[in-house]
Ligand code: KG4
Ligand code: ZN
């Protein structure tokens with residue numbers, strides 16, 4: 001089979017973003033994301049509203065991706081889609097759409113694991129971004145995930161640590177809710193943290209053995225702390241918001257870096273790649289830079305639009321699987337708890 005001119009259409013609908021991308025030989029031609037604003041009013045993703053919005057968005061998003069890429073659907077070699085993990089109703093929309101379109105065009109269908117896609121996003125061809133060499137450690141940090149994965153090759157990955165409760169993005173968002181910030185709160189906490197003192201308040205770090213994470217205790221500690229301070233001083237939050245945000249962020253980053261240090265020590269791997277929405281955080285970026293100097297790490301962060309949920313990362317997995325002839329058949333089903 002010639003690998004000269006391969007066009008892949010990719011569809012991602014695992015959570016609250018409807019996304020489609022077109023890839024040509026590993027390079028992205030278009031990467032469209034329709035974010036669902038409807039969830040902001042609820043302070044979190046409402047699954048039923050998400051699947052309904054996916055149904056409305058999917059046709060225009062896919063057709064926009066094809067138009068922007070400047071190709072006709074008849075030129076596509078395969079259709080890749082997120083099979084899981086994610087919200088079942090949301091996954092079903094993308095899965096059914098991809099299955100029907102591949103069937104209609106009579107081209108291969110390729111199922112993609114969303115967590116694998118966050119990691120392989122580092123292999124999208126991009127001029128100013130270096131790809132991590134194997135083996136490397138991948139840490140995926142977002143509103144839905146917190147994982148450290150040992151990556152030996154494209155398709156040989158082992159989860160060596162993950163959260164036992166909340167994801168790190170949830171820790172940011174739930175802390176923000178306690179402080180009365182909008183959803184998602186991560187970006188605002190980050191902005192304010194840069195203006196505050198990270199050592200103003202001390203929050204406990206969870207005592208979780210090994211490489212697993214826990215963030216729910218931190219959220220409770222922050223809640224009790226705020227309740228106590230506000231009782232004594234009603235304007236406590238308004239008057240100290242930047243310091244509170246800086247201290248929360250400092251604690252969260254400390255938890256992530258401690259686990260990365262341990263993972264690097266245990267595996268002897270110093271190439272560290274991060275992905276997921278929280279990798280936009282200025283504190284984690286700074287801490288990784290410090291890790292390069294202090295521990296001899298080389299760190300990798302993909303282009304911002306490939307870190308949050310997107311279809312470009314689904315496309316790169318689709319492309320790599322296409323080259324191996326690793327296709328799904330029409331009996332494939334969405335899987336909410338799909339494992340790496
Ligand atoms: O990857 P993403 O867009 O969606 C998924 O959850 O899959 O990640 C969104 C999460 C939210 O929890 C948001 O608060 C957090 O990423 N986030 C940040 C920052 N930007 C986004 N957290 C901390 N600092 C940021 N700059
Ligand atoms: Zn994700």
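Here are the numbers:
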| item | result |
| --- | --- |
| Length released on extending from residue 42 to residue 298, taking residue separation times 0.36 nm less the Cα-Cα span | 88.2 nm |
| Neighbour-count ranking [beta-carbon atoms within 10 angstrom, fewest first] of 14, 335 | 335, 14 |
| Crossing angle, helix 236-267 versus the chain [Cα axis fit, 0-90 degrees, rounded to tens] | 60 |
| Listed residues 246, 200, 78, most fluctuating in the chain (Gaussian network, C-alpha, under 10 Å) | 200 |
| Three-way shape call for the chain based on the alpha-carbon gyration tensor, with the a/c threshold at 1.5 | prolate |
| Ranked packing of 251-257, 7-13, 166-172, most packed first, by mean Cβ within 10 Å | 7-13, 166-172, 251-257 |
| Helix-derived mean residue ellipticity, 222 nm - over the chain, DSSP H n ≥ 4, -39500 (n - 2.57), to 500 | -14000 deg cm²/dmol |
| Listed peptides 79-87, 44-52, 123-131, 270-278 by packing density, highest first (mean Cβ within 10 Å) | 79-87, 270-278, 44-52, 123-131 |
| Alpha carbon centroid spacing (whole Å) that separates the range 139-160 from the range 256-297 | 13 |
| Net lengthening on full extension, residue 88/residue 305 (0.36 nm per residue, minus Cα-Cα) | 75.7 nm |
| Average projection area in nm² (convex hull over Cα atoms of the range 1-146, one quarter of hull surface) | 9.7 |
| Distance between modelled label sites at residue 4 and residue 67, nm, 7 Å Cα→Cβ extension | 3.1 |
| Backbone N within the range 151-186 under 15 Å of label point (7 Å from residue 229 Cα along the Cβ vector) | 175-181 |
| Counting DSSP beta bridges with both ends in the chain, the antiparallel % (nearest 5) | 60 |
| Cα long-axis angle, helix 282-295 against the chain (0 to 90 degrees, to the nearest 10) | 90 |
| Degrees between helix 168-178 axis and first principal axis of the chain (Cα, 0 to 90, nearest 10) | 50 |
| Label-to-label distance, nm, for residues given as residue 237 and residue 56 (7 Å Cα→Cβ offset) | 3.0 |
| The range 76-194 - Rg and Dmax from Cα coordinates, angstrom | 17.7, 52 |
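Just so you know, all these numbers are worked out from the coordinates, no wet-lab data involved. Source: prediction; values computed, not measured. No Cβ is skipped: glycine too gets one built from the backbone with ideal geometry, and neighbour counts run over all protein chains shown.
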